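The values are calculated or read from the model by the stated rules, or taken from the named source; none is laboratory data. Because the structure is a prediction, the values reported are computed rather than measured. Note that we place each Cβ from the backbone using ideal geometry, even for glycine, and neighbour counts take in every protein chain shown. SASA here: full protein model, heavy atoms, side chains in, ligands and nucleic acids out. Shrake-Rupley method; radii C 1.70, N 1.55, O 1.52, S 1.80 Å.
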Protein chains: 2
Amino acid sequence: MDWEPPVRVGTSVHEHLRAKILTGELPPGARLAVPALAKQLGVSRSPVRDAVLQLVREGLAIEEFNRGAVVYLPPQPALVSLYHAREALEGMAARLAASSISDATLADLDAVLTEHESIDPDDFHRHIDLDARFHRQIRDAAASPVLIRMLEEIQGQVIVAMRSTNLSGGVHRATADHRAILDALTQHDPDAAEAAARNHISRLTGILEQGGEAAQ
Amino acid sequence: MDWEPPVRVGTSVHEHLRAKILTGELPPGARLAVPALAKQLGVSRSPVRDAVLQLVREGLAIEEFNRGAVVYLPPQPALVSLYHAREALEGMAARLAASSISDATLADLDAVLTEHESIDPDDFHRHIDLDARFHRQIRDAAASPVLIRMLEEIQGQVIVAMRSTNLSGGVHRATADHRAILDALTQHDPDAAEAAARNHISRLTGILEQGGEAAQ
DNA sequence: ACATGCAACACTGCATGCAATGTTAGAAAC
DNA sequence: GTTTCTAACATTGCATGCAGTGTTGCATGT
């Protein structure tokens, strides 16, 4: 019989902190002092230390020497680099997904996108959430474990960055791009899907390089 | 004045173990028991534990419940996934490098490739080393921190996999592909560089999917 | 010879102690 | 009011203790 290893406290703490960073409850600059978190969460310092170290390796936090880690918002040049990796990986994810995506997943994507197309363009919280859900579903549809793991990491950082800077590129442009991606996926056309996904991200990279202030 | 944080024991241990895995001194299956390593390296278990955890997150080791971690060779489907991510990221690295690469780096690449073209095709150790150096230099020439970090991880796993399976695709094909990539870089042609890099990796993916026995 | 049971062992993950070191706030001096 | 010194404080990374749990190998019985 298969056996699932017991849940590790360190893993739970990591997920807990990661979630709080992604929702913005722990915004960039928030301190992640191990003793304080351990006391607050009612566990010892060891698992908390593991969790914080992992957040640092994920790029969601940065160490300030002998002062503990803080939630991290990469500076603009690092975001450009992040978006280059994102373009490559999301392109490949769309390519792979195009071949194998199921009708059920296509329907889910359409539901998310249709909702996205109808929201108040000023409702950034909802925009970020729907955007993340769309990209997450394509990522998972690619069904490629390494790709999924790397995109999880990138998309986490993207959410923090979107929340802190105006790099959405506008809700309408985003949903138009998403519609193009979904159309290509619906036609199971890998080349078109990759091109559409890369075009979407590379447009955002362009905005970023011009100062990240082009939203709306 | 800038201050470089003191070297952490855990980091040294991680680099030490990583190097031993990449050289094959610790082959897939080798046990990474924390107490044993700590005793052998003359440090306590804490930094060794950190190092092993990081190796697991890097994909170079896998945990066997309550028996410690062992050096990991991903099964074939996971390698295909690894190569999909590799294709996307190496393609983007070549694209970025094409714009910014210096004449000095081009000369270095040519030196590595020229040496590679002249080796005994049966000298796999040297083939793996020269192959890794070529890809590493392009990766670094891309000068994109996120891309570099992710490709470091992928290329580490690739070295382990090459050492254990016949997926080089043949020394001559490899150097021919590399020559095409270097030509595109020399012409500072991003599209051609990306296409050549992706073509190189995707050919290897094909070999992998057909059973990984097509070397020579 | 082979299966079974059991005791010794090994390893993990979490808790906690500790020395080193950076930070900070307040008192003291100017 | 501003600067300087200093002492208390906080945090880190490493060391080590410990309970829980899986593994291993040997003795024992059939």
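Of note:
- Within the range B:40-52, considering residues that are open to solvent by 20 Å² or more (accessible area, probe 1.4 Å) and aliphatic (A, V, I, L, M), the one farthest from DNA strand D (Cβ to nearest atom): B:LEU41
- Taken together, A:ILE62, A:ILE138 contain a single residue that is out of contact with any Lys or Arg (no Cβ under 9 Å at 6 or more places or on another chain), modelled with pLDDT of 95 or more and assigned to a helix (DSSP H, G or I), which is A:ILE138.
- Residue check, A:ARG57 within 27 Å of B:LEU147 (Cα to Cα), within 8 Å of DNA strand D (Cβ to nearest atom) and assigned to a helix (DSSP H, G or I): no
- Qualifying residue in the range B:54-75 (condition: of a type in the set (Phe, Trp, Tyr) and buried (at least 17 other Cβ atoms within 10 Å of the Cβ)): yes
- Filter result for B:ALA97 (assigned to a helix (DSSP H, G or I), away from every other protein chain (no Cβ under 11 Å) and open to solvent by less than 70 Å² (accessible area, probe 1.4 Å)): yes
- Among the residues of the range A:42-87, the ones that are farther than 30 Å from A:THR205 by Cβ, in contact with a helix residue (DSSP H, G or I) (Cβ under 8 Å, 6 or more places away or on another chain) and among the polar types (S, T, N, Q) come to 2 in all.
- For the range A:76-87, filtering for residues that are open to solvent by less than 10 Å² (accessible area, probe 1.4 Å) and either under 29 Å from A:ALA36 (Cβ atoms) or touching a residue at least 24 places away in the same chain (Cβ under 8 Å) (or both) leaves 5.
- Conditions (1) within 16 Å of DNA strand D (Cβ to nearest atom); (2) within 14 Å of chain B (Cβ to nearest Cβ); (3) under 17 Å from A:LEU22 (Cβ atoms); number of the one not met by A:ILE154: (1)
- Failed item, numbered, when A:VAL112 is tested on (1) away from DNA strand D (no atom under 11 Å from the Cβ); (2) out of contact with any Phe, Trp or Tyr (no Cβ under 6 Å at 6 or more places or on another chain); (3) in a helix (DSSP H, G or I): (2)
- Residue count for the range A:40-52, restricted to those that are among the β-branched types (Val, Ile, Thr) and either part of a helix (DSSP H, G or I) or at positive phi (or both): 2
- From A:PRO190, A:PRO121, residue being outside the structural domain of A:ALA30 (by TED's automatic domain parsing), more than 16 Å from the chain's Cα centre (by Cα) and farther than 26 Å from B:TYR83 by Cα: A:PRO121
- Residue in the range A:92-101 that is out of contact with any strand residue (DSSP E or B) (no Cβ under 9 Å at 6 or more places or on another chain) and free of Cβ contacts under 8 Å to residues at least 40 places away in the same chain present: no
- Test: residue in the range A:53-60 that is facing chain B (nearest Cβ under 8 Å) and at positive phi: yes
- Selection status of B:GLY156, without any contact (Cβ under 8 Å) to a residue 40 or more places away in the chain and either in contact with a Leu (Cβ under 9 Å, 6 or more places away or on another chain) or over 25 Å from B:GLN54 (Cα atoms) (or both): no
- Scanning the range A:168-195 for residues that are open to solvent by 20 Å² or more (accessible area, probe 1.4 Å) and in a helix (DSSP H, G or I) yields A:HIS172, A:ARG173, A:ALA176, A:ARG179, A:ALA180, A:ASP183, A:THR186, A:PRO190, A:ASP191, A:ALA192, A:ALA195.
- Among residues of the range A:25-44 that are within 14 Å of chain B (Cβ to nearest Cβ), those with a beta-carbon under 7 Å from a residue that is within 9 Å of DNA strand D (Cβ to nearest atom) at least six positions away or on a different chain give the pairs A:VAL34/A:ARG45; A:VAL34/A:VAL48; A:VAL34/A:ARG49; A:VAL34/A:VAL52; A:VAL34/A:GLY68; A:SER44/A:ALA38.
- Summed over the range B:1-24, residues that are more than 12 Å from every other protein chain (Cβ to nearest Cβ), open to solvent by less than 80 Å² (accessible area, probe 1.4 Å) and within 13 Å of DNA strand D (Cβ to nearest atom) total 4.
- Any hit, the range B:138-145, residues being surrounded by 15 or more Cβ atoms within 10 Å (Cβ to Cβ), among the aliphatic types (A, V, I, L, M) and outside the structural domain of B:SER202 (by TED's automatic domain parsing): no
- Among the residues making up the range A:182-202, a single one is charged (D, E, K, R) and within 17 Å of A:ALA132 (Cα to Cα): A:ARG198.
- Total residues in the range B:65-90, condition assigned to a helix (DSSP H, G or I) and either away from chain A (no Cβ under 12 Å) or not aliphatic (A, V, I, L, M) (or both): 8
- Once the range A:26-39 is narrowed to residues that are within 13 Å of DNA strand C (Cβ to nearest atom) and assigned to a helix (DSSP H, G or I), the residue that is most open to solvent (accessible area, probe 1.4 Å) is A:LYS39.
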